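Heads up, the thing below is written out as structure tokens.
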Amino acid sequence: MKKVFSLLLFLACFPFFQAKAAEQKVYFVLWNGCEEACRGFSDYLKASHEDIEIIQRNLDKKTDKIPELKAEIRKKSPDLLVTWGTLATVEMLGTNNSESVADYGAIPALFMVVSQPVESGLVSSLSAQGRNITGVMHLVPLVEQLQYARQVVAFRRLGIIYNPAETNAQAAVDKLRQYASLMKFDLLEKPLPVSKDNYPQKEKIPSLVAELADKKVDLIYLGPDAFVNAHRKALIDTAAAFSIPVFSASEGAVRHDNALFSFVHRYYTVGQLAGKKALEILKGKAQAYDIPIEAPQRALLVVNMTAAQKLGVYPPLTLLQHADLINIPSSEN
Amino acid sequence: MRSMSLSHTILASLFWCAVVFAFTGMNFMKYEEASHTLRESRIETALTDMHKALQVEMDKGEALPGLKTAEKILLNYTRSERDLLSAMIFSANTGKILFSTLVGQTGQSAPVSWRQKCVRSDTVFIEKEKDKETMGMPLLNAFSENTGCLVAQYTTESGEVVREKMIKTTFHYSVRLAAIGAGFCFFIYFFGFLVATTFQNKKIQLAIAFVLCQGLLLLALYFSFVSMFKAFDENIKQEMSTKTQQIAEQISARLGQAVQNGVPFDSITALETYLDQIRQKNKEILFILVTDKTGRVLYETGSAAEAFEADPYTGKISLREGYYNAAEPVNSANAAIGWVQIGVNERFVREKGF
């Protein structure tokens with residue numbers, strides 16, 4: 001009887017053992033579900049075998065849940081707040097000026113998949129943030145993209161079509177101007193004209209490409225420009241008709257729309273690097289503001305081989321060996 | 001002229017023997033080192049290639065433990081490298097073996113010594129055992145964090161066979177050269193004795209002795225040394241040809257892959273740069289040619305002309321003596337589309353060392 005009683009007592013206590021709370025909590029705000037960067041982040045924390053609970057909240061590409069999440073963060077008081085993407089990050093953390101900055105007390109923050117944190121107003125600089133936040137960028141620095149691009153196409157004239165109303169796009173053009181003189185190439189800029197209702201005219205893209213072709217550009221750069229990227233097919237197809245290769249800051253244009261190549265950091269890797277930074281903060285090795293904002297170091301060349309065949313432009317063998325080759329034409333062609 | 005005394009003759013012979021043994025010993029060390037370097041660099045090349053392939057797969061967006069292609073990459077290289085016993089990857093975090101070409105090894109713990117040595121990204125660690133050696137290098141992720149280690153174990157048996165052959169060659173030529181030298185000393189002794197008792201004119205006696213000494217010494221030494229070097233060259237020929245063949249196979253595989261991926265065989269950009277990098281790394285390689293099916297040279301690096309000679313009577317071109325040529329077909333979609341030709345200077349150890 002005593003034995004049965006002991007067993008019952010043990011079983012009654014079992015749920016308490018099971019319900020033991022994790023040692024630390026990470027509050028993860030996602031923009032559109034848990035994709036590759038989120039998976040990389042979770043895998044990294046899991047592989048560390050630390051007792052960390054990840055509370056995931058998905059915005060479903062909408063900002064209306066933001067106040068609710070902010071309230072929950074204050075209530076739950078996690079050890080780290082993690083955000084995904086520029087929009088979710090800016091909404092959750094606010095920009096660097098005092099009016100919009102979000103106040104979560106001493107909770108450090110970490111962002112990932114943000115292309116230009118300084119230009120977006122999140123931090124004042126990449127190494128001295130001015131706030132208790134750090135993060136991981138997903139874009140390969142422009143200068144590196146240009147250096148790699150030179151190995152693929154030895155360009156002397158680089159063209160760009162951009163939406164001047166977009167901060168990211170304008171920032172990229174400003175940087176290109178700086179590098180043009182340093183790397184000794186001519187930059188041919190074509191800002192998209194704006195209609196009467198202040199909206200960029202997408203139908204002008206083919207004629208702007210034709211103008212660039214007239215000026216004999218060797219390569220067109222498709223930068224971090226949301227509007228031009230939304231209408232990139234017209235740009236890439238027209239450029240192909242003039243036998244001008246297009247290289248892109250993002251992989252999507254290469255994968256889906258026949259841009260020739262891009263140098264990227266895969267989102268999984270970005271998530272893993274964010275995981276590493278998260279552990280540094282959670283294990284008390286460093287404060288978020290002491291950890292520099294950076295991108296992974298090793299970039300991956302993604303080449304669309306069908307586009308390469310059409311243009312007759314092939315990356316050098318030394319680069320091809322370490323590249324991710326996609327849209328490989330069938331051998332019958 | 002006073003004739004050479006017997007004790008002087010014996011002393012001179014012994015001195016000669018010591019010099020010969022020291023010289024052949026040095027020669028042995030030089031060639032043994034070259035043979036070892038050839039084998040080691042062959043394994044290192046395979047290891048570096050595997051390493052690069054794995055890192056590219058990681059950069060494509062996968063953590064090391066979940067790398068789907070890892071096992072296939074390891075197996076490919078183990079099959080193509082005859083001395084490779086096994087290849088494996090262990091995790092830097094847990095020390096557990098994640099992938100291995102040996103059945104039943106996955107999941108076991110890697111030896112502590114490997115975990116301690118496999119830390120520096122710029123170095124290959126080597127651990128020597130009685131009949132095998134282990135070589136390893138860390139696998140870094142895209143943000144330079146040590147995530148694991150690639151380790152290859154290879155047998156040193158073929159090296160031992162070469163070493164044994166070299167010891168035999170060393171001993172054979174040491175004895176032969178020592179015997180020639182000693183015989184020469186005794187010859188002078190008897191010659192001096194003969195001249196002192198037979199020739200009265202001292203001028204003639206000295207001139208004959210001088211000419212004979214110089215001539216015989218030079219001839220004997222020349223022929224013996226040439227045949228000794230040839231024998232040593234012959235000893236490392238196998239190592240050299242295996243390594244050359246492996247390099248040819250690698251180039252051929254890369255070219256075949258590029259063509260398979262849609263790059264036309266005659267439009268491979270900067271192939272010469274790649275070939276030149278290989279030539280710079282492997283000093284014994286004189287030239288690398290890539291030809292099409294008909295033998296037309298498409299890409300070239302090095303000085304191929306140096307290795308060929310034309311027959312003055314027939315005009316036929318053939319490789320000069322002392323040069324070796326490895327050929328490997330380039331295949332794409334199971335059909336040969338061209339050839340990789342590598343020319344090697346078989347005497348590179350001799351030319352480099354002496």
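222 nm [θ] for chain A, helices only, -39500 (n - 2.57) per DSSP H run of 4+, per residue, to 500? Could the numbers behind the result be given before it?
Details: 13 runs with 135 residues, N = 333.
When only DSSP H runs of four or more count, the value is -12000 deg cm²/dmol.
Mind checking which of A:ALA106, A:ALA253, A:ALA307 has the largest fluctuation in a GNM of chain A, springs on alpha carbons under 10 Å?
A:ALA106
Pop out the Kirkwood hydrodynamic radius of the range A:222-279 from its pairwise C-alpha distances, inverse of mean 1/r, in Å to one decimal. If you can, show how the numbers build up before the last one.
Working: mean 1/r = 0.0798 Å⁻¹.
Hydrodynamic radius (Kirkwood, Cα only) of the range A:222-279 equals 12.5 Å.
Of B:CYS185, A:CYS38, B:CYS17, B:CYS213, how do they rank once you tally other Cβ atoms within 10 Å and put the fewest first?
Values: B:CYS185 21, A:CYS38 25, B:CYS17 18, B:CYS213 14.
Least to most surrounded, the residues fall as B:CYS213, B:CYS17, B:CYS185, A:CYS38.
Rg (Å, one decimal) plus Dmax (Å, integer) for the alpha carbons of the range B:263-348?
13.9, 43
Specify which residue in the list B:PHE191, B:GLY215, B:PHE229 is farthest towards the positive end of the charge dipole of the range B:1-238, using unit charges on the beta carbon of Lys, Arg (+1) and Asp, Glu (-1), about the Cα centre.
Result: B:PHE191.
Cα gyration tensor of the range B:197-354, axes a ≥ b ≥ c as square roots of the eigenvalues: rounded (a/c below 1.5), prolate (a/b > b/c) or oblate?
Numbers: a/c = 4.06, a/b = 3.11, b/c = 1.30.
Note, shape of the range B:197-354 comes out prolate.
Taking amide H positions as placed in the peptide plane 1.01 Å from N, state which residues far from B:ASN325 in sequence (5 or more) or on other chains have amide H under 5 Å from it.
Amide H neighbours of B:ASN325: B:VAL344.
In debye, nearest 20: dipole of the protein assembly as shown around its Cα centre with unit charges on the Cβ of K, R (+) and D, E (-)? Walk me through the intermediate numbers first.
On the way: 74 positive and 72 negative charges, 255 e Å.
Computed charge dipole of the protein assembly as shown: roughly 1220 debye.
Two decimals, Cα atoms only, Kirkwood Rh: what is Rg/Rh over the range A:44-88? Before the final figure, lay out each step's value.
Numbers: Rg = 12.3 Å, Rh = 12.2 Å.
Reported Rg/Rh, Kirkwood definition of Rh: 1.01.
By how many degrees, between 0 and 90 and to the nearest 10, does the Cα long axis of helix A:167-183 differ from the longest principal axis of chain A?
It is inclined by approximately 60 degrees.
With an 8 Å cut-off on Cα pairs and a minimum separation of 6 or more residues, tell me the relative contact order of chain A in percent. Don't jump to the answer; show the numbers that get you there.
Working: 592 pairs, mean separation 61.8, N = 333.
Worked out over chain A, it gives 19 percent.
Please list the non-local residues whose amide H lies under 5 Å from the amide H of B:ASN331, H modeled 1.01 Å from N, same-chain partners needing a gap of 5 or more.
Those lying under 5 Å, H to H, from B:ASN331 are B:GLY256, B:ILE337.
Of A:LYS202/A:LYS310; A:LYS75/A:LYS277; B:LYS130/B:LYS165; A:LYS233/B:LYS52, which sit over 29 Å apart, Cα to Cα?
Values: A:LYS202/A:LYS310 25 Å; A:LYS75/A:LYS277 24 Å; B:LYS130/B:LYS165 19 Å; A:LYS233/B:LYS52 34 Å.
Violating the 29 Å Cα-Cα cut-off are A:LYS233/B:LYS52.
Find the relative contact order for chain B and round it to a whole percent, using C-alpha pairs within less than 8 Å whose residues are 6+ positions apart. Walk me through the numbers before you get to the answer.
Working: 476 pairs, mean separation 57.0, N = 354.
Relative contact order of chain B: 16 percent.
Return the aspartates and glutamates within reach of A:LYS175: Cα separation strictly under 17 angstrom, same-chain partners fewer than 8 residues apart disregarded; answer none if there are no such residues.
Qualifying aspartates and glutamates at Cα under 17 Å: A:GLU119, A:GLU144, A:GLU166, A:ASP186, A:GLU189, A:ASP225.
List the aspartates and glutamates whose Cα lies under 15 Å from the Cα of A:LYS65, skipping any in the same chain that are fewer than 8 positions away.
Straight-line reach from A:LYS65, under 15 Å: A:GLU91.
Residues with amide H under 5 Å of A:MET137's amide H, sequence separation 5 or more or different chain, H placed in the peptide plane at 1.01 Å from N; which?
A:GLU294, A:ALA295
With the contact rule set at Cα under 8 Å and sequence spacing of 6 or more, what percent relative contact order holds for the range A:32-129? Intermediate results must be reported in sequence, preceding the final value.
On the way: 86 pairs, mean separation 23.9, N = 98.
Relative contact order here is 24 percent.
Please report the Cα spread of chain A along all three principal axes, rounded to whole Å, starting with the longest.
Extents along the principal axes, in whole Å: 93, 54, 35.
Using 5 Å bins from zero, what percent of all Cα-Cα pairs in the range B:1-238 falls into each bin?
For the range B:1-238, the pair-distance distribution reads 1, 6, 11, 12, 11, 8, 7, 6, 6, 6, 5, 5, 4, 4, 3, 2, 2, 1, 0, 0.
In whole Å, largest first, what are the principal axis extents of the Cα atoms in the range A:71-197?
56, 40, 20
Quick one: angle between helix A:267-282 and the longest Cα principal axis of chain A, in degrees between 0 and 90, rounded to 10, please.
40 degrees
How big is the protein assembly as shown along each principal axis, measuring the range of its Cα positions in Å and listing the largest first?
124, 92, 47
Just to be sure I understand the curve: with the Debye formula and one point per C-alpha of the range A:170-282, what is log10 I(q)/I(0) at q = 0.14, 0.18, 0.23, 0.24 Å⁻¹?
-0.66, -0.97, -1.36, -1.43
Using a Gaussian network model of chain B with C-alpha springs under 10 Å, which one of B:ASN235, B:ASN261, B:ASN76 is most mobile by mean-square fluctuation?
B:ASN261
Would you mind checking the tilt of helix A:2-18 against the longest principal axis of the Cα atoms of chain A, expressed as 0 to 90 degrees and rounded to 10?
30 degrees
None of the figures in this text is laboratory data; all of them are computed from the coordinates on show. Remember, it's a predicted structure, so these values are computed and weren't measured experimentally. With ideal geometry, Cβ positions are generated from the backbone for all residues, glycine too; neighbour counts draw on all protein chains shown.
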